[in-house]
1. If you take the residues in region A:81-102 that are of a type in the set (Val, Ile, Thr) and either crowded, with 24+ Cβ neighbours inside 10 Å or out of contact with any strand residue (DSSP E or B) (no Cβ under 6 Å at 6 or more places or on another chain) (or both), which one is nearest to the other protein chains (Cβ to nearest Cβ)?
2. Consider region A:104-138. How many of its residues are assigned to a helix (DSSP H, G or I), crowded, with 20+ Cβ neighbours inside 10 Å, within 14 Å of the chain's Cα centre (by Cα) and not β-branched (Val, Ile, Thr)?
3. Residue A:97 passes all but one of (1) of a type in the set (Ser, Thr, Tyr); (2) at pLDDT below 90; (3) within 16 Å of the chain's Cα centre (by Cα); which number fails?
4. Has region A:4-11 got any residue that is touching a Ser or Thr at 6+ places or on another chain (Cβ under 7 Å), at pLDDT below 95 and surrounded by fewer than 18 Cβ atoms within 10 Å (Cβ to Cβ)?
5. Quick one: count up the residues across region A:20-76 that are among the aliphatic types (A, V, I, L, M) and more than 14 Å from the chain's Cα centre (by Cα).
6. Within region B:100-110, identify whether any single residue is under 30 Å from residue B:32 (Cα atoms), at pLDDT below 95, under 13 Å from the mean Cα position of the chain (by Cα) and within 14 Å of chain A (Cβ to nearest Cβ), and answer yes or no.
7. For residue A:76, are the conditions met, namely being of a type in the set (A, V, I, L, M), under 20 Å from residue A:50 (Cβ atoms) and surrounded by fewer than 24 Cβ atoms within 10 Å (Cβ to Cβ)?
8. Pull out all pairs, ordered by first then second residue, where Cβ-Cβ is under 8 Å, the residues are six or more apart or on different chains, the first lies in region A:1-22 and is away from every other protein chain (no Cβ under 14 Å) and touching a residue at least 12 places away in the same chain (Cβ under 8 Å), and the second is basic (Lys, Arg) and buried (at least 20 other Cβ atoms within 10 Å of the Cβ).
Amino acid sequence: MALLDLIAEDIIKVPLVATAKSEVIKELIQVLKDAGKIGDAAKVYEAVMNREDMGSTGLEKGIAVPHAKTDQVKTLTIAIGVAPSGVEFNAIDGALSKIFFLILAPPDQSGPHIEALADIARITRSEAFCRLLNASKSAKEVVDIFCEE
Amino acid sequence: MDGPLKKILVYIDGTEQSITAAQYAICLSKATGAELTALYVVNVRALNDLVKARIFLETEQAEYQRDLHADAERYLNHVKNLARSKGVVIASESRSGTPYMEIKNVIIEREIDLLIIGELSHIRSRRDEFFNEAERAMRNAPCSVLIVKNEDRVWDMFEQQI
């Protein structure tokens, strides 16, 4: 499954309102709840935070990729958020995180889960791509950036 | 087995499209008498990339690797059952590595003359074209490649196969 197959305007929020790590995760989960993509939001939050407790998914260059396996999704599900001012996410380089990819997968779909994460790892190596995402003003603009990449 | 097809390889990646490809391959094997092999590749390159990118912890890598091997076994067993239901003998092989490279290796090692894969995702960006494993397999396979389309039609064909 191509990453682009998962990306639509209704799973993207620009800009994020939250200013703290736990709130960003809750906001992205709410985006998925509103889009009808998940079951129990509280259970999803617990799964994501359990993974964060093992080690932050805040990477370098302002990217964060919180993820979890959960039976509250039927298929691989993604939400994208952009916080231009940055949020403290305990990133490995100490910088504020600005672009968030929340990835949720059912426990029996590890293959697509890994491929989506690997796809994100690849595209976020491009500083130009991250700059464009960070400067985006709307969900539609984010979709367009992915399609043009 | 006098026809042009002697050995068919079908690539299974767990998608519905790859299972449809398996159904088509089973029908083709039955019609031609060609030997049929199903291949699943555990994509360890992607796992390694995730650890390098620090998206995965090493403990997660081990957990997901176990999951992927279990997936491989499950999907290959499913395809074996499909073949058995139509009286077709199928060999199966699970490998670890980069999918398109392992597909190419198996084609060479087993002297495969037809690779069958499921319908490809729509190409919506240049990145898809570069990194889609089925796309890469199609381009790199040293034998003819058949891409199976129209799930409903293949399903009917499979169901009608005695």
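The values are calculated or read from the model by the stated rules, or taken from the named source; none is laboratory data. Here the structure is a predicted model, which means the values were calculated and not measured. All Cβ positions, glycine included, derive from the backbone under ideal geometry; neighbour counts span all protein chains shown.
1. A:92
2. 7
3. (2)
4. For region A:4-11, residues touching a Ser or Thr at 6+ places or on another chain (Cβ under 7 Å), at pLDDT below 95 and surrounded by fewer than 18 Cβ atoms within 10 Å (Cβ to Cβ): present.
5. The qualifying residues number 8.
6. yes
7. yes
8. A:11/A:37
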